[in-house]
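Here's the structure, in structure tokens; my notes come after.
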Amino acid sequence: APPLPVGGDMKRDFGGPVLLAEGVIRDTDGNPIAGAEIDIWQTAPNGLYASQDEEQDTYSFHGLMTVGDDGRYAFTTVKPVEYTVPSDGPVGEILRACGRHPWRPSHLHYIVKAPGYRTLVTEVFPDDDQYLDQDTVFGVRDDLVMTYYEKPASDFPDGMALSGKVDAPFLAVNFDVVLAKG
């Protein structure tokens, strides 16, 4: 994944409302983990990952961020959308045999790691998604469901790639990550 600085933008010119995602990476005692690395990715507004869509750059909606001493991460993107898992092969046969649909709720993917800690692979889901209770891959957990708050453009923070460029209401989600020693 390409480097994404704290405060960086993955939205680029894809349109849609801005989503500000931020949080702090901490240890189990609540201390920030300096230098933790967070690999972030999601689908584009058309519901496809870059690897599935020739119209996207190889790393569209994907970034690798290293946090500072305060453990804080922040980036902008667009609100993720629901999408279907490929259902034209064996997976589709299994889903049909089980009477299940192929839909996943919208989400952001995170892989978070730091030396001396266990790597965490997780997802963050908005609480207003229609597929939360019926994720085809059973990936939703209550503690991964977050409220995406709508805020006025005047509340957009300084120090971000899009600071001074957001002129409409935006969405914001805060998701702190805790890593266990390992």
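Please treat every number below as a calculation from the coordinates, not as lab data. Just so we're clear, the structure is a prediction, and the values are computed from it rather than from any experiment. Cβ: placed from backbone, ideal geometry, glycine included. Neighbour counts: every protein chain shown.
Go through segment 104-120 residue by residue and turn each phi into a ³J(HN,Hα) via Karplus (6.51, -1.76, 1.60, θ = phi - 60°); whole Hz please, and just put x for glycine and proline.
Those phi angles translate into 10, x, 5, 6, 9, 9, 9, 10, 10, 8, 7, x, x, 10, 6, 6, 10 Hz.
Residues with beta-carbon under 10 Å from that of Leu64, excluding Leu64: net charge, scoring Lys, Arg +1 and Asp, Glu -1?
-2
Could you compute the net charge surrounding Leu171? Neighbours are other residues with a C-beta less than 11 Å from the C-beta of Leu171; K and R count +1, D and E count -1.
Here the charged neighbours net out to 0.
How many nm separate the modelled label positions at Glu55 and Asn174, each set 7 Å beyond the Cα in the direction of the Cβ?
Each label point is offset 7 Å from its Cα along the Cβ direction, giving 3.6 nm.
If you average 1/r across every pair of different Cα atoms in the chain and take the reciprocal, what Kirkwood value do you get, in Å?
17.3
Based only on Cα atoms, what mean projected area does the convex hull of segment 64-145 have, in nm²?
7.4
Calculate the FRET efficiency for Ile94 and Phe14 from the Cβ-Cβ distance with a Förster distance of 30 Å, rounded to the nearest 0.05.
The value I calculate is 0.40.
Give me Arg100, Arg26 ranked fewest to most by other Cβ atoms within 10 Å of their Cβ, as a rough exposure proxy.
Fewest-to-most ranking of Arg100, Arg26: Arg100, Arg26.
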